[in-house]
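Notes follow once the structure below has been shown.
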């Protein structure tokens with residue numbers, strides 16, 4: 001049963017990763033890394049499919065470099081900050097509790113990218 005749950009969650013993560021390619025602020029690589037891990041635990045065939053697909057480049061680059069480059073982190077942080085500001089001041093009505101929650105969650109996301117996501121090793 002756990003195997004099928006992993007497969008379903010992995011497929012959802014792939015869907016979110018694909019969506020992240022076109023939706024600013026939605027990350028691609030973390031969802032694809034999650035899907036790869038879930039497929040590794042549940043279906044080697046699906047993991048191989050993911051790694052050999054066009055999406056596999058995100059996972060292979062992360063594994064090859066051991067993390068994200070400075071420019072990738074800067075781009076991710078820039079998009080996150082822009083989307084949080086846009087959401088907070090344009091789309092969320094004044095007086096809403098979401099105007100407090102969204103910036104806090106955005107700040108946590110920025111801290112995770114800056115401090116928790118490993119830096120890429122230099123290519124040789």
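The values are calculated or read from the model by the stated rules, or taken from the named source; none is laboratory data. Since this is a predicted model, take the numbers as computed values, not measurements. Reconstructed Cβ throughout: ideal geometry from the backbone, glycine too, with neighbour counts over all protein chains shown.
Residue under question is residue 19, and the condition is that it be part of a helix (DSSP H, G or I), surrounded by 14 or more Cβ atoms within 10 Å (Cβ to Cβ) and in contact with a helix residue (DSSP H, G or I) (Cβ under 9 Å, 6 or more places away or on another chain); does it hold? For residue 19, the condition - part of a helix (DSSP H, G or I), surrounded by 14 or more Cβ atoms within 10 Å (Cβ to Cβ) and in contact with a helix residue (DSSP H, G or I) (Cβ under 9 Å, 6 or more places away or on another chain) - is not met. At least 2 residues being farther than 26 Å from residue 103 by Cβ and in the same structural domain as residue 4 (by TED's automatic domain parsing) is the threshold, and among the helices (runs of 4 or more DSSP H) wholly inside the range 39-90 those reaching it are 44-52, 56-65.
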